[in-house]
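Asks: Would you mind keeping the following structure in view while I ask a few things?
The values are calculated or read from the model by the stated rules, or taken from the named source; none is laboratory data. Everything numeric here is computed off the predicted structure, so don't read it as measured data. With ideal geometry, Cβ positions are generated from the backbone for all residues, glycine too; neighbour counts draw on all protein chains shown.
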Amino acid sequence: MPKKVITRTGVPGATPQDRKMLDTITSITPPPSTKEDGILLNRNEFIHFLFRVGGTSPVFSLQLWWYSFITGTWHKGEKLTVNDHDVVTLEVQGLDRVALEITSSPTGITPVLDCWLALVVPV
């Protein structure tokens, strides 16, 4: 990895609200099903998921999905647990798209989840 990098948003928008990958999620979400689902990775090597949670003692279980144009299908990746303003960094070389699925009902009182995708760009 280069010594100097910057991050740029994976979801275009003028404000942080516009740039969310997941916006105010409070329950189970479906897995990706078409090649247009998820976010295009633009040949980046690394990405960051930037999570923000709300509510009292929230815990979210997520399934990471990767799309490959080689197979034309979505593939299961890592399982993640988010319970705070977490950051997850992943290597994504050669993968085309990424999606997140909430796999079980969140725990806690009035749990809510937001997520942004940051693409790591060498400079």
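Asks: Output yes when any residue across the range 57-79 is surrounded by fewer than 14 Cβ atoms within 10 Å (Cβ to Cβ), at pLDDT 95 or above and over 26 Å from residue 33 (Cβ atoms), and no when none is.
Replies: yes
Asks: Surrounded by fewer than 16 Cβ atoms within 10 Å (Cβ to Cβ) and assigned to a loop (DSSP other than H, G, I, E, B), is that true of residue 43?
Replies: Criteria met by residue 43.
Asks: Would you confirm, using the coordinates I've provided, whether residue 40 is aliphatic (A, V, I, L, M) and either over 23 Å from residue 8 (Cα atoms) or touching a Lys or Arg at 6+ places or on another chain (Cβ under 7 Å) (or both)?
Replies: Yes: the conditions hold for residue 40.
Asks: Within the range 42-83, which residues are without any contact (Cβ under 8 Å) to a residue 24 or more places away in the chain and acidic (Asp, Glu)?
Replies: Matches in the range 42-83: 78 only.
Asks: Of everything in the range 22-40, what is touching a Ser or Thr at 6+ places or on another chain (Cβ under 9 Å) and either surrounded by 17 or more Cβ atoms within 10 Å (Cβ to Cβ) or at positive phi (or both)? Give them in sequence order.
Replies: Once the filter is applied, which keeps residues that are touching a Ser or Thr at 6+ places or on another chain (Cβ under 9 Å) and either surrounded by 17 or more Cβ atoms within 10 Å (Cβ to Cβ) or at positive phi (or both), the range 22-40 yields only 22.
Asks: Answer yes if at least one residue in the range 73-85 is acidic (Asp, Glu) and outside any strand (DSSP E or B), and no otherwise.
Replies: Checking the range 73-85: at least one residue is acidic (Asp, Glu) and outside any strand (DSSP E or B).
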